[in-house]
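Peer 1: Let me begin by handing over the structure; questions about it come next.
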Amino acid sequence: MNVLAQTTTDTGAQGGFTFSSLLLPILLGLFIFMMFRKQKKTQKTIQEQRTQMVPGTEVMTQFGLFGTIVSVDQEENKAVLELSPGNTATIHLQALTKVVTTQPEEAETEDAVVPDDASSLTGDIAQDRPRENAAETTQDETPDETLKRLDRENKKDN
């Protein structure tokens, strides 16, 4: 009797529905869904890159080599890259990882004023003497005189 009572109570506890028994299949389904979603995204980006890889496009390979595509053979998965004028290399299409897009350089303005020395960039240096005088003295100084002058200026600041 005692054995029979134990078996009936054990089976009653095991036969019930619990949240933890439902959690594992839900997590497994979510994991599989995310895995397929990521794979689909990756395939989409690869397909977009393949459509951009036409002759004349500048690309980068997996090993960091830059070149311009000369020809593409989709059947054999090969591409011919021109690395420098007259130098070509045949590589596998999967080695092409990135299409290099060059951004247009900003046109330099001719109105920009470039200072003759760095003192105008640092702010308040030698405010007590005029600019013309400072330029003349720095051009006529020897290296020893320059060191002495800088030492004097540092002593004044301290």
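Peer 1: Carbon and sulfur atoms: what percent of the 1.4 Å accessible area of region 16-75 do they account for?
Peer 2: 67
Peer 1: For Asp73, Asp151, Asp157, give me the order by solvent-accessible area with a 1.4 Å probe, most accessible first, ignoring ligands, DNA and RNA. Display every interim value, and only then the final one.
Peer 2: Numbers: Asp73 55, Asp151 85, Asp157 125 Å².
Reading off the accessible areas and sorting them downward yields Asp157, Asp151, Asp73.
Peer 1: A further question on this structure: Give, as a single signed number, the net charge of other residues whose beta carbon lies under 14 Å from the beta carbon of Val70, with Lys and Arg counted +1 and Asp and Glu -1. Let's see the in-between values first.
Peer 2: On the way: positive: Lys78; negative: Glu58, Asp73, Glu82.
My count for the surroundings of Val70 gives -2.
Peer 1: Still on this structure, I have one more. Calculate the FRET efficiency for Lys78 and Glu58 from the Cβ-Cβ distance with a Förster distance of 22 Å, rounded to the nearest 0.05.
Peer 2: 0.75
Peer 1: From the protein chains alone at 1.4 Å, what is the descending order of accessible area for Lys78, Lys44, largest first?
Peer 2: Descending order: Lys44, Lys78.
Peer 1: 5 Å is the cut-off here: which amide hydrogens, built 1.01 Å from N in the peptide plane, fall below it relative to Glu141, excluding neighbours closer than 5 in sequence?
Peer 2: When sequence neighbours closer than 5 places are left aside, there are no close amide H contacts.
Peer 1: Determine which lysines satisfy two conditions relative to Lys38: a Cα distance under 27 Å, and not lying fewer than 8 residues away in the same chain.
Peer 2: Correct list for Lys38: Lys78, Lys98.
Peer 1: How much length would be gained if the chain were fully extended between Val70 and Gln94, taking 0.36 nm per residue of separation minus their Cα-Cα distance, in nm to one decimal?
Peer 2: 7.0 nm
Peer 1: A further question on this structure: Given a 1.4 Å probe and the protein chains all in place, what does the accessible area of Ile32 round to, in Å² to the nearest 10?
Peer 2: Its accessible surface works out to 70 Å², give or take rounding.
Peer 1: For a Förster distance of 25 Å, can you work out the FRET efficiency between the beta-carbons of Ile46 and Asn87, rounded to the nearest 0.05?
Peer 2: 0.35
Peer 1: Can you give the accessible area of Glu145, probe radius 1.4 Å, in Å² rounded to 10?
Peer 2: Counting only protein heavy atoms, the figure is 90 Å².
Peer 1: Right, another one. Leu96: net charge of surrounding residues, Cβ under 15 Å, Lys/Arg +1, Asp/Glu -1, itself excluded? If you can, show how the numbers build up before the last one.
Peer 2: Values: positive: Arg50, Lys78, Lys98; negative: Glu48, Glu58, Asp73, Glu76, Glu82.
Once positives and negatives cancel, what remains is -2.
The values are calculated or read from the model by the stated rules, or taken from the named source; none is laboratory data. Fair warning: this is a prediction, and the values are worked out from it, not measured in the lab. Cβ coordinates were reconstructed from backbone atoms using ideal geometry, including for glycine residues, and neighbour counts include every protein chain displayed. All accessible areas refer to the heavy atoms of the entire protein, side chains included, with ligands and DNA or RNA removed. Shrake-Rupley method; radii C 1.70, N 1.55, O 1.52, S 1.80 Å.
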